[in-house]
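The values are calculated or read from the model by the stated rules, or taken from the named source; none is laboratory data. What you see is a predicted model, and the numbers here were worked out from it, not measured in a lab. Positions of Cβ are backbone-derived with ideal geometry, glycine not excepted, and every protein chain shown enters the neighbour counts. The protein model used for the area step is the full one, side chains on, heavy atoms only, and it has no ligands, DNA or RNA in it. Shrake-Rupley method; radii C 1.70, N 1.55, O 1.52, S 1.80 Å.
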Amino acid sequence: MKYKSQKVAYWFFGLCMLLLSLQIIYGFIMGFARIGFDGLHDFIPFNTARAVHTNLLVVWLLTGFMGAAYYIIPEEAQRELVSVKLAYLQLVSLAVVGVVAIVGYHFNYWEGRKFLEIPRELDYLVVVNVLLFLGLILATLFKGKQKTTTALVLTMGLLFAALLYLPGMIWFDSQVMDSFFRWWVVHLWVEGVWELIMGGILSFLLIKLTGVDREVIEKWLYVIVGLTFLSGLLGTGHHYYFIGVNKIWLVVGGIFSALEPLAFLAMALFAVNMYRKGEKNHPNKIALFWTIGASIVSFIGAGVLGFAHTLPQTNLYTHGTLVTAMHGHLAFWGAYAMIVLAIISYALPNLTGRKRYESAPGKMAFWLSNIGMLGMTVAFGVAGVAQVYLERKMKMDFMDVQNEISIHFVVLVLCATMFAVGISLFIYDFIKYGKPTDEALEENHDYVLTGKKINNIPNANVVYTEETN
């Protein structure tokens, strides 16, 4: 770690791990309910578990993005955060809002809009919290010694994510109008500006892990930004097919949804090409696994599987079925969860001074969680296709169909168990690193390749020296 204030990121990552654990627990509650074991229904009915599960996803990812920004921006700007105390205040207030929201869901204190269930009163607290976060990040960046493309793209993604939260706070009496603007938040986050956040983090990690020149890597960012805005903005139309809007959205949504995989394809090609150009000798192989894996899995989950069911001719049948869950799980996992785990894996050795690069739990966490998530995706996909056929073609009753496809959720729970074991190992490894220390400032190994051999780095064939931007 180069700057003492980067330690703030550790505590955001810690909250991130806690929220991820809770999300998995509520996922299991739903999974067991699907196969008939619904003993918690009186306390946690399915709709409550689903709301908590999906909202925890959003909150833990945003927490991870904030932690990533608190780690990356000081290093990119070459200065300390403008206020560490305010950063910790922002962390505490974020945790308080999250706890109040989750507890409130169990007492039906919510708005009932998917992904935006948080009550209106808490919305204003979220806005204040995010404004504080953005103020700290922007002040640090613009007072810094340099403003890199990586930092600017990451900051732009975070700023637009905050601005696009506001349309979801507008009150409409019309269900159509409410649904229309709700997608400005949900879609334009996950298939728009969050891609910029992912691109910024991905760029930072590739610069550090591959040794490829910054200028080469950052040129790719312009391509990613362009493709994201080209496809993501009007690609929102695939949510408008059947909510009562003009039929022009069938054309617009179909065309631009077909273009959306291009941004994720660009990210995959970007990461793989930079890996091939680099020396591939950075000792933190676990962080490299998560980084390259994020780009590839996001292309499959968000790009390919997204395209598979967003054309209007297909979406007519798959809309509102488990096919969406198939796409959603692998897309969120690859595009956003894996990149958060990648920056955590990279940052921990630098924050704590403990170079546990060859950690067996860390490697097992990568493989078990990814294999488990792929198994869950297949289970959702098979169940979804069966659901589409039985409901939309055979005209069977919804609940009858749920009984017919429940066997697939047995497979899903088994795969989810493997996934949970992988995440548990990741959290175990996180805890084993210990807390960040000031001593890590003297032991900073922010490596770049020089091509000379040294003896004080295990298994190294080249020298790694501190990068001086």
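Among the residues of segment 30-41, the ones that are in a helix (DSSP H, G or I) and touching a residue at least 24 places away in the same chain (Cβ under 8 Å) come to 3 in all.
Taken together, F181, F142, F204, F115 contain a single residue that is within 24 Å of E260 (Cα to Cα), at pLDDT 90 or above and open to solvent by 10 Å² or more (accessible area, probe 1.4 Å), which is F181.
To keep it simple, each residue is scored yes or no on (1) under 21 Å from F419 (Cα atoms); (2) touching a Pro at 6+ places or on another chain (Cβ under 7 Å); (3) open to solvent by 10 Å² or more (accessible area, probe 1.4 Å).
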{"residue": "D38", "(1), (2), (3)": "no, no, yes"}
{"residue": "T48", "(1), (2), (3)": "no, no, no"}
{"residue": "H53", "(1), (2), (3)": "yes, no, yes"}
{"residue": "W60", "(1), (2), (3)": "yes, no, no"}
{"residue": "E75", "(1), (2), (3)": "no, no, no"}
{"residue": "V82", "(1), (2), (3)": "no, no, yes"}
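Against the test of being small (G, A, S) and over 22 Å from G192 (Cα atoms), the options G237, G278, G232, G253 yield a single qualifying residue, G278. Reported count of residues in segment 426-455, each being touching a Ser or Thr at 6+ places or on another chain (Cβ under 8 Å) and at pLDDT below 50, is 3.
All but one of (1) open to solvent by less than 10 Å² (accessible area, probe 1.4 Å); (2) aromatic (F, W, Y); (3) under 17 Å from V225 (Cβ atoms) hold for W290, so report the exception by its number. Among (1) open to solvent by less than 10 Å² (accessible area, probe 1.4 Å); (2) aromatic (F, W, Y); (3) under 17 Å from V225 (Cβ atoms), the lone unmet condition for W290 is (3).
For segment 1-18, taking the residues that are at pLDDT below 95 and open to solvent by 10 Å² or more (accessible area, probe 1.4 Å), the one that is farthest from A77 (Cα to Cα) is identified as K4.
Restricting attention to segment 203-227, the residues being within 16 Å of E75 (Cα to Cα) and among the hydrophobic types (A, V, I, L, M, F, W, C) number 5. Exactly one residue out of A360, A347 is among the small types (G, A, S) and open to solvent by 30 Å² or more (accessible area, probe 1.4 Å), and it is A360. If you check A342, A360 for being under 30 Å from K4 (Cα atoms) and free of Cβ contacts under 8 Å to residues at least 40 places away in the same chain, only one passes: A360.
The residue list I170, I137 contains one member that is open to solvent by 10 Å² or more (accessible area, probe 1.4 Å), of a type in the set (V, I, T) and more than 22 Å from S298 (Cβ to Cβ), which is I170. If you go through segment 97-112 and keep only what is open to solvent by 30 Å² or more (accessible area, probe 1.4 Å), within 15 Å of L56 (Cβ to Cβ) and either in contact with a helix residue (DSSP H, G or I) (Cβ under 8 Å, 6 or more places away or on another chain) or touching a residue at least 12 places away in the same chain (Cβ under 8 Å) (or both), you end up with V100, I102, H106, W110.
So that you can scan it fast, the table gives a plain yes or no per residue for (1) out of contact with any Ser or Thr (no Cβ under 9 Å at 6 or more places or on another chain); (2) modelled with pLDDT of 95 or more; (3) more than 30 Å from Y3 (Cβ to Cβ):
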{"residue": "A331", "(1), (2), (3)": "no, yes, yes"}
{"residue": "Y346", "(1), (2), (3)": "no, yes, no"}
{"residue": "Y389", "(1), (2), (3)": "yes, yes, yes"}
{"residue": "F398", "(1), (2), (3)": "yes, no, yes"}
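Consider W110 carefully, then state whether it is in a loop (DSSP other than H, G, I, E, B) and touching a Gly at 6+ places or on another chain (Cβ under 8 Å). Considered against the rule, which asks whether it is in a loop (DSSP other than H, G, I, E, B) and touching a Gly at 6+ places or on another chain (Cβ under 8 Å), W110 comes out as yes.
Hey, does segment 299-314 have a residue that's in contact with a Gly (Cβ under 7 Å, 6 or more places away or on another chain), closer than 20 Å to F204 by Cα and at pLDDT 95 or above? Among the residues of segment 299-314, not one is in contact with a Gly (Cβ under 7 Å, 6 or more places away or on another chain), closer than 20 Å to F204 by Cα and at pLDDT 95 or above, which makes the answer no.
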